[in-house]
Amino acid sequence: MRGQLTEEIQKLVKDFLGREITVCELRLYPYLDSVMKNEQKIDPNRVNQEERDILKKLREEEHIEGGASGLSVTKEFYNYIQQVLWIGYVVNAYSEGDY
């Protein structure tokens, strides 16, 4: 199912972040992707405390900067999000290994 935290995603996550993520973090990624492709500002009304904590951790890890006043992400983090979104939300339409 789409948006599920699979072993395959956790492996990709561990390789890039060096840690595991929660389902909440996985489901935050489509929002971050949308933000970066559109207004490039996080709407504080659209993120809960758990998501704020995740954003704080991503700032500490130096993958993102800013937030409500303007969000920026590293190219490596952006590419990582695209891989996660492909596996977690898109790849079902294709056979595994197409990415």
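When you look at Gly67, is it of a type outside the set (Lys, Arg) and touching a Leu at 6+ places or on another chain (Cβ under 7 Å), yes or no? Even if it seems obvious, please write down each step before you answer.
Details: of a type outside the set (Lys, Arg): yes; touching a Leu at 6+ places or on another chain (Cβ under 7 Å): yes.
Against the criterion (of a type outside the set (Lys, Arg) and touching a Leu at 6+ places or on another chain (Cβ under 7 Å)), Gly67 qualifies.
Is one or more of the residues making up the stretch 15-22 of a type in the set (Gly, Ala, Ser) and either under 12 Å from the mean Cα position of the chain (by Cα) or modelled with pLDDT under 95 (or both)? Before you say what the answer is, go through the steps one by one.
Here is the first cut: in the stretch 15-22, the residues of a type in the set (Gly, Ala, Ser) are 18.
Retained after the next criterion (residues that are either under 12 Å from the mean Cα position of the chain (by Cα) or modelled with pLDDT under 95 (or both)): none.
No, every residue in the stretch 15-22 fails to be of a type in the set (Gly, Ala, Ser) and either under 12 Å from the mean Cα position of the chain (by Cα) or modelled with pLDDT under 95 (or both).
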remark   = From the option list Ile64, Ile87, single residue qualifying as modelled with pLDDT under 95, surrounded by 11 or more Cβ atoms within 10 Å (Cβ to Cβ) and of a type in the set (A, V, I, L, M) is Ile87
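Considering each residue of the stretch 74-93, count those that are part of a helix (DSSP H, G or I) and within 18 Å of Asn38 (Cα to Cα), and give that number. So that I can check it myself, show each step before the final result.
Taking the stretch 74-93 first, the residues part of a helix (DSSP H, G or I) are 75-93.
Checking which are within 18 Å of Asn38 (Cα to Cα) leaves us with 75, 77-79, 81-82, 85.
Going through the stretch 74-93 one residue at a time, the tally reaches 7.
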query = Mind checking whether some residue in the stretch 22-40 is of a type in the set (Ser, Thr, Tyr) and surrounded by 16 or more Cβ atoms within 10 Å (Cβ to Cβ)?
reply = yes
query = Can you find even one residue in the stretch 3-26 that is farther than 21 Å from Val91 by Cα and of a type in the set (Val, Ile, Thr)?
reply = no
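Quick grid of which residues meet (1) in contact with a helix residue (DSSP H, G or I) (Cβ under 7 Å, 6 or more places away or on another chain); (2) polar (S, T, N, Q):
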{"position": "Glu8", "(1), (2)": "yes, no"}
{"position": "Tyr29", "(1), (2)": "yes, no"}
{"position": "Asn48", "(1), (2)": "no, yes"}
{"position": "Asp53", "(1), (2)": "no, no"}
{"position": "Lys56", "(1), (2)": "no, no"}
note = Of the residues in the stretch 23-73, those that are polar (S, T, N, Q) and either in a helix (DSSP H, G or I) or free of Cβ contacts under 8 Å to residues at least 24 places away in the same chain (or both) come to Ser34, Asn38, Asn45, Asn48, Gln49
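Does Thr6 qualify as being among the hydroxyl-bearing types (Ser, Thr, Tyr) and at pLDDT below 95?
Working: among the hydroxyl-bearing types (Ser, Thr, Tyr): yes; at pLDDT below 95: yes.
Against the criterion (among the hydroxyl-bearing types (Ser, Thr, Tyr) and at pLDDT below 95), Thr6 qualifies.
The values are calculated or read from the model by the stated rules, or taken from the named source; none is laboratory data. On a predicted model such as this, the values are computed, not experimentally measured, just so you know. Cβ coordinates were reconstructed from backbone atoms using ideal geometry, including for glycine residues, and neighbour counts include every protein chain displayed.
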